[in-house]
Ligand SMILES: NC(=O)c1ccc[n+]([C@@H]2O[C@H](COP(=O)([O-])OP(=O)(O)OC[C@H]3O[C@@H](n4cnc5c(N)ncnc54)[C@H](OP(=O)(O)O)[C@@H]3O)[C@@H](O)[C@H]2O)c1
């Protein structure tokens, strides 16, 4: 039995579906019975509750051979660090109380830093908590920036005719499709072949700049000259708040962009066959183009 947090989300859903297809018993964890219904029909046991409630999570993890854990990212949260700490503490308490022996935890490139990397600082703190667990084999997957982030850009393209962020246009960073993260998690959850606390990076097929990704996406949506504009931090934060981010998350998001510009959110492993994953942004852009056309 494998317990999966964030089971309705981008990585978790694919983790559940792949494990079920492989004949593995799965417990899918989420906050609403309704959004878990399709996974229940596919054969998953579902557990409905608050991922910040250690008692709930303990019961959801109990008896499992392994768990996939993550800290959900919600841009509307008024105090992001407090929310992430609450969930992170619940996760490690539940791992301990349920006596789990294997955990695959989603984290991010840049989580080695701990200060000044916006939302990634919370993942650094979570890695630290997980590292302190005695007798648990923890595999941390430090993923690059998700291709899926570009779904949030589609309304900006539609209304402003451009993509914008604080990140320097030509600064290439690891970018990855969440399907590749899920597939790496599934392989690990099936093999349970690591011991102790292990960090692995997942970097996508190649580093990509925001300008290049914007050009690729622009070509797919019939706007080959779609510009990428680097915004000043205060303009970006303001735009994010207008777009529904809390003030806190807008500040953290901008801080992350500045950390990327400073070269602080980077691979420590360097590219290897093991951390280079197959899905290309060029292929993922078709999905973005379909969403753009459908909106
Ligand atoms: N975006 C990036 O570029 C990037 C890069 C590296 C790492 N990461 C990390 O990847 C993780 C996210 O993984 P993911 O994309 O697979 O997850 P996700 O799809 O963002 O979320 C997973 C699930 O979390 C639940 N959720 C959403 N908001 C919540 C809230 N406020 N409180 C409690 N539960 C909530 C939702 O499930 P229910 O509604 O069913 O409960 C959602 O389906 C985060 O830790 C993020 O920091 C992101």
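Bear in mind that the values in this text are calculations on the coordinates, not laboratory data. Bear in mind the structure is a predicted one, so any value in this text is a computation, not a measurement. When we count neighbours, we look across all protein chains shown, and the Cβ atoms used for this are built from the backbone with ideal geometry, even at glycine.
Quick check: the angle from helix 10-21's long axis to the longest principal axis of the chain, C-alpha only, nearest 10 degrees?
The angle comes out at about 50 degrees.
How big is the equivalent ellipsoid of segment 242-295 along its three axes, where each semi-axis is √(5λ) from the Cα gyration tensor, reported in whole Å from largest to smallest? Let's see the in-between values first.
Numbers: eigenvalues 129, 122, 11 Å².
Ellipsoid half-lengths, sorted descending, are 25, 25, 7 Å.
From the convex hull of the Cα coordinates of the chain, what is the mean projected area in square nanometres? Each step should come with its number before you reach the end.
Working: hull surface 57.5 nm².
That works out to 14.4 nm².
How high is the relative contact order of the chain? Use alpha-carbon pairs under 8 Å, at least six apart in sequence, and give a whole percent.
Numbers: 579 pairs, mean separation 56.0, N = 295.
The normalised contact order for the chain reaches 19 percent.
Could you state the principal axis extents of the C-alpha atoms in segment 112-181, from the largest down, to the nearest angstrom?
Reported extents, whole Å, longest axis first: 52, 28, 20.
Expressed as a rounded percentage, what relative contact order does segment 41-144 have, with Cα pairs under 8 Å and six or more residues apart?
Numbers: 150 pairs, mean separation 30.2, N = 104.
29 percent.
Enumerate the residues in segment 1-16 having an amide nitrogen under 20 Å from the point lying 7 Å beyond the Cα of residue 41 toward its Cβ.
7-10, 12-16
Once both labels are modelled 7 Å past Cα along the beta-carbon direction, what's the residue 283-residue 225 spacing in nm?
Spacing of the two 7 Å Cα→Cβ label points: 3.3 nm.
What Rg and what Dmax come out for segment 153-295 when only alpha-carbon atoms are used, in angstroms?
In Å, with Rg to one decimal and Dmax whole: 16.9, 50.
Any idea what angle helix 281-294 forms with the longest principal axis of the chain, computed on alpha-carbon atoms, 0 to 90 degrees, nearest 10?
Long axis of 281-294 versus the principal axis of the chain: about 80 degrees.
Exposure proxy check: 73, 253 ranked by fewest other beta carbons within 10 Å? List each step's numbers first, then the result.
On the way: 73 17, 253 20.
Listing 73, 253 from fewest to most nearby Cβ atoms yields 73, 253.
Could you tell me how many degrees, from 0 to 90 and to the nearest 10, lie between the Cα long axis of helix 178-191 and the main elongation axis, the longest principal axis, of the Cα atoms of the chain?
So the inclination is approximately 20 degrees.
Provide, for q = 0.22, 0.24 Å⁻¹, the log10 of I(q)/I(0) from a solvent-free Debye sum over equal Cα point scatterers in segment 170-229.
Once normalised to I(0) and log-transformed, intensities are -0.90, -0.99.
Which of the peptides 166-175, 270-279, 86-95 is most tightly packed, and how do the rest follow, going by the mean number of other Cβ atoms within 10 Å of each residue?
Sorting 166-175, 270-279, 86-95 by mean packing, highest first, produces 86-95, 166-175, 270-279.
Can you work out the PRE-style zone for residue 268? Point 7 Å along Cα to Cβ, and I want the residues of segment 119-136 with backbone N under 17 Å.
Label zone hits: 120-133.
Any idea what % of Cα-Cα pairs in segment 1-41 are farther than 17 Å?
Value for segment 1-41 (Cα pairs over 17 Å): 15 percent.
If you take every DSSP beta bridge whose two residues both sit in the chain, what share of them, in percent to the nearest 5, is antiparallel?
Taking every DSSP beta bridge with both residues in the chain, the antiparallel ones total about 5 percent.
Measuring from centroid to centroid over Cα atoms, what is the spacing of segment 6-83 and segment 179-243 in Å?
22 Å
Over 18 Å apart: what share of the alpha carbon pairs of segment 1-140 falls there, rounded to a whole percent?
Numbers: 5102 of 9730 pairs.
The answer is 52 percent, as a whole percent.
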